[in-house]
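Let me begin by presenting the structure, written as structure tokens, before commenting on it.
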Amino acid sequence: MINKLNQNHHEILRAILKRPNLINSCTSTQSDAGFSLLEVIVVTLMVGILSAIVAPAWLGFVNRQTVNKANDVILAALQEAQREAKKDKRNYSLSFKTVSNVPQIAIHPGGTTPNNWRNLGQDVGIEPEKILLASNLTNVNTTTTNIALSNTTEKTITFDYMGILAAKSDGTASDIDLKIVLGIRNPNNSTSLGSTKRCVIVKTLLGSMMTEKDSQCD
């Protein structure tokens, strides 16, 4: 009887050795059962913590990219107005305003009312309503000490036929350090430019321009 049992055991062992997958399937049954509740909770907490760390940094990166693009558009528009002034031998202007929270710009001959307004950044994939536009301009080539948000009253920078800053409306020499400032619209405070700013500054009467950022735009 014992010999018969031993023979049966040997036969079972030989069968298992011939089919090693049987061993693997048995040992992996528990691991294939899935995550435990504790493991799921830990993973969920880790994902939440990482999201809380990464999300603000990503938002800041996106905001900087947005204002950089918008600032590039302003710089290019000023340079185009300056080129047109020299090419056509007449005053040429860049005007800007904000209508229904959307900044708009127009390049046009000096002394004329622009009819070619376009939303700021529409040609480079920017959502204009996310941008705040401001400046230190009060009139054509006339500045004040404060940076004020743009409104429906258009502000204008004008170059003369030589590409330098044209005289003010009263005939006196243009002011310098003309600033056009851009920031990200804050849903909770739409009257503040915030800390992420970019700007273009017309530095001299000769019309030289430079770009600055953040506190240098104040």
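The values are calculated or read from the model by the stated rules, or taken from the named source; none is laboratory data. Nothing here was measured: the structure is a model prediction, and the numbers come from that model. No Cβ is skipped: glycine too gets one built from the backbone with ideal geometry, and neighbour counts run over all protein chains shown.
Here are the numbers:
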{"item": "Residues of segment 62-106 satisfying the condition of being without any contact (Cβ under 8 Å) to a residue 60 or more places away in the chain and assigned to a loop (DSSP other than H, G, I, E, B)", "result": "Ser100"}
{"item": "Residue check for Leu38: modelled with pLDDT under 90, loosely packed, with under 10 Cβ neighbours inside 10 Å and more than 19 Å from the chain's Cα centre (by Cα)", "result": "yes"}
{"item": "Strands (runs of 3 or more DSSP E) completely within segment 141-187 that count 1 or more residues being surrounded by 14 or more Cβ atoms within 10 Å (Cβ to Cβ), aromatic (Phe, Trp, Tyr) and under 31 Å from the mean Cα position of the chain (by Cα)", "result": "155-159"}
{"item": "Test for Thr138: is it in a strand (DSSP E or B), farther than 20 Å from Glu212 by Cα, of a type outside the set (A, V, I, L, M) and at pLDDT 95 or above", "result": "yes"}
{"item": "Counted residues, segment 117-127 - those being surrounded by fewer than 19 Cβ atoms within 10 Å (Cβ to Cβ) and not in a strand (DSSP E or B)", "result": "6"}
{"item": "The lone exception for Pro114 - which of (1) in a loop (DSSP other than H, G, I, E, B); (2) closer than 30 Å to Gly207 by Cβ; (3) modelled with pLDDT under 95 it fails", "result": "(3)"}
{"item": "Candidate set from segment 67-97 (those that are of a type in the set (S, T, N, Q) and crowded, with 21+ Cβ neighbours inside 10 Å); member that is farthest from Arg185 (Cα to Cα)", "result": "Gln82"}
{"item": "Odd one out for Ser195, checked against (1) surrounded by 16 or more Cβ atoms within 10 Å (Cβ to Cβ); (2) among the small types (Gly, Ala, Ser); (3) in contact with a helix residue (DSSP H, G or I) (Cβ under 8 Å, 6 or more places away or on another chain)", "result": "(1)"}
{"item": "Search result, residues across segment 45-66 that are more than 27 Å from Ile180 (Cα to Cα) and either buried (at least 16 other Cβ atoms within 10 Å of the Cβ) or of a type in the set (A, V, I, L, M) (or both)", "result": "Leu45, Met46, Val47, Ile49, Leu50, Ala52, Ile53, Val54, Ala55"}
